[in-house]
Amino acid sequence: MEDLLNTLIEPLVSDIKKITIKRQEAEGGIKFIVNVPKEDIAKVIGKEGKMVKAIKNLLKIRAVKENKFVALEIEEA
């Protein structure tokens, strides 16, 4: 699932090496915390949060197929 998240975020940022993704496993679910540089945070969130909502929806679809719960949190690095 982390590979899907990388694939979705990579075209939105100027340098993928500056992005860090932390994975926290919990009871029946996974929480991803993505640290994005200040100059790219607007691109990842999108207008009115549409981009991040789309990313969350795609992650949820993948999680349902794996019988898991997924959460995504975007933080400014």
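The values are calculated or read from the model by the stated rules, or taken from the named source; none is laboratory data. Predicted model only: the values in this text are computed from it and were never measured. Note that we place each Cβ from the backbone using ideal geometry, even for glycine, and neighbour counts take in every protein chain shown.
A compact table of results
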| quantity | calculated |
| --- | --- |
| Filtered residues of region 24-77 (kept if closer than 15 Å to I9 by Cα and touching a Phe, Trp or Tyr at 6+ places or on another chain (Cβ under 6 Å)) | L72 |
| Number of the condition not met by K56 [criteria: (1) surrounded by 12 or more Cβ atoms within 10 Å (Cβ to Cβ); (2) at pLDDT below 95] | (2) |
| Every residue from region 2-35 that is in contact with a helix residue (DSSP H, G or I) (Cβ under 7 Å, 6 or more places away or on another chain), charged (D, E, K, R) and assigned to a strand (DSSP E or B) | R23 |
| Residue within region 36-49 that is within 20 Å of A77 (Cα to Cα) and in a strand (DSSP E or B) present | yes |
| All positions within region 19-40 that are surrounded by fewer than 17 Cβ atoms within 10 Å (Cβ to Cβ), under 14 Å from the mean Cα position of the chain (by Cα) and in contact (Cβ under 8 Å) with a residue 12 or more places away in the chain | T20, I21, K22, R23, K31, I33, N35, P37 |
